[in-house]
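Enquirer: Pasting in a structure now, in C-alpha cells, and then I'll have a few things to ask.
The values are calculated or read from the model by the stated rules, or taken from the named source; none is laboratory data. Since this is a predicted model, take the numbers as computed values, not measurements. Please note: Cβ atoms are built from the backbone with ideal geometry, for glycine as well, and neighbour counts cover all protein chains shown. Just the protein is used for accessible areas: all its heavy atoms, side chains included, with ligands, DNA and RNA removed. Shrake-Rupley method; radii C 1.70, N 1.55, O 1.52, S 1.80 Å.
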Amino acid sequence: MKYAVIGAGAMGYRYGVLLQENAGRKVDFIDAWEPNIKAVRQQGGVYVSRDRKNRHLVPINIYSPEEYQGDPDVWIIFVKQMQLDEMLKRCAPLFKDHQIVFSAMNGWGHFEKIQQYFSDDRIYGGTAMIATVLNGPGDVDFIGKSGAGVMHMCAFNEQTTDIERTMFEDFKTANMNPIITTNFTGTCMAKVIFNSVVNTLCTMYQITMGEFIEYPGAMDMAKQLIDEAYDACDRAGIRLIESRQEELKSVDYVSRVANPLHYPSMYQDMSRGRKTEVDFINGCIAKIGRDHDYVCRTHEFLTHGVHLAELAFRIHNPDIVRAAQNACNSTGATAIQDAENLVKAAQSREE
C-alpha cells in the first residue's frame, strides 16, 4: 500500500520513515510548517538520529496540502489537536472514497473531526507508546533503541478488515510492534489516561520521565490520577483495554526503563512557546466525569495547573516566546533561521 503522512512532525516522521526504510513502502509527507518543508527540500531529506546518535539524511518527498497530487491508499494523521481542523480543511480536496485513514494522535477529539471527511468504516485509530523528538525543521530524533515502544490499532467500527491486517503487517515490518484490538474507545482512552499522568506532571514540573518516576511519591500520584480516570470511564460505560494495575505498571515501565531521558511532547510544546494539548487529555477526562455526575477533582486541577505553567513559562522565558512568534509568522528566506533560533533558545534552556 501507498501511504501519505499528514503532519511531518516528530511522530509523523517516525511512522513515515520507518514504513519507507524498514517496510519498503512508498510514503509521502504533507505538512503546513513552511520552515520544515523548506529545510527538507534544501537538505534533500530529513535528518534522522536515534538517541542523539548516528544522525543521517533520509531522502523523503514533502509537500504542502495545496501542492500534493498523490493518491495514497492510507492517510496517517499526526497533527496537534488544535491544528487539526485547519489541516483537514486544506487536505479535503485530496481525500477520495477508496482511501482509509489511521491516526494515533495524543488526546481525544480528533476522530469527530476526521468523521467529517471519512465514513466510519474507513477510519482506524490507535495509540503509540513511542517517544520521538522534533529537534527542528527537517531534523528528528527517535528515542529508544530500534524496535522500542509498542502501538495499538483498532477499526472505528471495531470490525477487523483485510486492509487493517495489511496495515498491521506493514507496521510490524516497520518494527513498530503493532497490536490489533476490537475495542476502539477503550484502546484510545488508555493512552489518554497514560498521558494524563506522565505528560502532564512532567510538563508542569519541567522534568524528564525518568526524573518523574524517581520521585518517591510518583506512583502514588499516578495511582490517584489513574483511579479517578477509571472511575469516570466506569460511569460512562467505557471499558478500557487494560486494568488499573496494568496502566500503573505501564507508567512505571515506560518512565523508568523505556524512555527515562524523554521530555514528553506536551513539555516540548510548552518549552517552544506553543499551546499544549492538556484540554484534550486531562480536560477530556474531566469532561467525561462531569458528563456523568462525577467530578474528577485532580484532573480538573491539573488542567488549570498546566495552563498556569504555560503562563509562567511565557513570563519567565520571553526570548523563547518571541522566537516562537517569529517562527510562526515568518516566511521565505527567514523562516528556517527563525525556526532554528527558536529551537536553539529552547535547547539552551534545557541544558
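Enquirer: Expressed as a whole number of Å, what is the distance separating the alpha-carbon centroids of the range 134-189 and the range 1-23?
Expert: 11 Å
Enquirer: Counting only DSSP beta bridges with both residues in the range 91-192, what percent are antiparallel, rounded to the nearest 5?
Expert: Among the beta bridges of the range 91-192, antiparallel pairing accounts for roughly 60 percent.
Enquirer: [x] 150; [y] 172; [z] 124: which one is volume of the Cα convex hull per residue in Å³ as calculated from this entry?
Expert: Checked against the structure: label [z].
Enquirer: Let me ask another. Got a sec to turn the phi values of the range 46-60 into Karplus ³J(HN,Hα) couplings, 6.51 cos²θ - 1.76 cosθ + 1.60 with θ = phi - 60°, whole Hz, x for Gly and Pro?
Expert: 10, 7, 10, 10, 10, 6, 6, 10, 6, 5, 8, 8, 10, x, 9
Enquirer: Separate question: Net charge within 14 Å of Glu214 by Cβ-Cβ distance, Lys/Arg positive one each and Asp/Glu negative one each, not counting Glu214 itself?
Expert: Local charge sum for Glu214: -2.
Enquirer: Expressed as a whole percentage, what fraction of the accessible surface of the chain belongs to carbon and sulfur atoms when a 1.4 Å probe is rolled over the protein heavy atoms?
Expert: Carbon-and-sulfur percentage of accessible area, whole number: 50.
Enquirer: Sorting check: for 6-19, 61-74, which peptide has the highest mean count of neighbouring beta carbons within 10 Å, and how do the rest follow?
Expert: Output ranking for 6-19, 61-74: 6-19, 61-74.
Enquirer: Can you tell me which of 183-193, 81-91, 202-212 comes out highest on packing, and rank the rest after it, using the mean Cβ neighbours within 10 Å?
Expert: In descending order of packing, they fall as 183-193, 202-212, 81-91.
Enquirer: To the nearest whole percent, what portion of all C-alpha pairs in the range 97-253 is separated by more than 19 angstrom?
Expert: 60 percent
Enquirer: Continuing with the same structure: Compute the relative contact order of the range 213-331 as a whole-number percentage, counting only Cα pairs closer than 8 Å that sit 6 or more residues apart in sequence.
Expert: 28 percent
Enquirer: Quick one: of the DSSP bridges fully inside the chain, what percent are antiparallel, nearest 5?
Expert: Looking only at bridges with both residues in the chain, the antiparallel portion is about 35 percent.
Enquirer: For q values of 0.15, 0.18, 0.23, 0.25 Å⁻¹, compute log₁₀ I(q)/I(0) with the Debye formula on a Cα-only model of the range 19-84, without solvent.
Expert: -0.57, -0.82, -1.23, -1.33
Enquirer: May I pose another question? Mind ranking 277-290, 231-244, 260-273 by how tightly packed they are, going by the mean number of other C-beta atoms within 10 angstrom, highest first?
Expert: Final packing ranking: 277-290, 260-273, 231-244.
Enquirer: Report, ordered by chain and residue number, the lysines lying within cross-link reach of Lys172, taken as a straight Cα distance under 17 Å and ignoring same-chain residues fewer than 8 apart.
Expert: Candidates past the 8-residue exclusion: Lys2, Lys26, Lys145.
Enquirer: In Å², and per residue, what accessible area does the range 15-54 have when probed at 1.4 Å with the other protein chains present?
Expert: Counting only protein heavy atoms, the per-residue value for the range 15-54 is 46 Å².
Enquirer: While we're here: Return one whole number: the accessible area per residue of the range 151-307 in Å², for a 1.4 Å probe.
Expert: The answer is 43 Å² per residue.
Enquirer: Hey, could you pull the Cα Rg and Dmax for the range 35-146, both in Å?
Expert: According to the Cα coordinates of the range 35-146, Rg and Dmax are 15.4, 42 Å.
Enquirer: Which percentage, to the nearest 5, of the DSSP beta bridges contained in the range 1-109 is antiparallel?
Expert: Approximately 20 percent, going by the DSSP bridge assignments.
Enquirer: Normalising by the residue count of the range 1-152, find the relative contact order in percent from Cα pairs under 8 Å and 6+ residues apart.
Expert: 27 percent.
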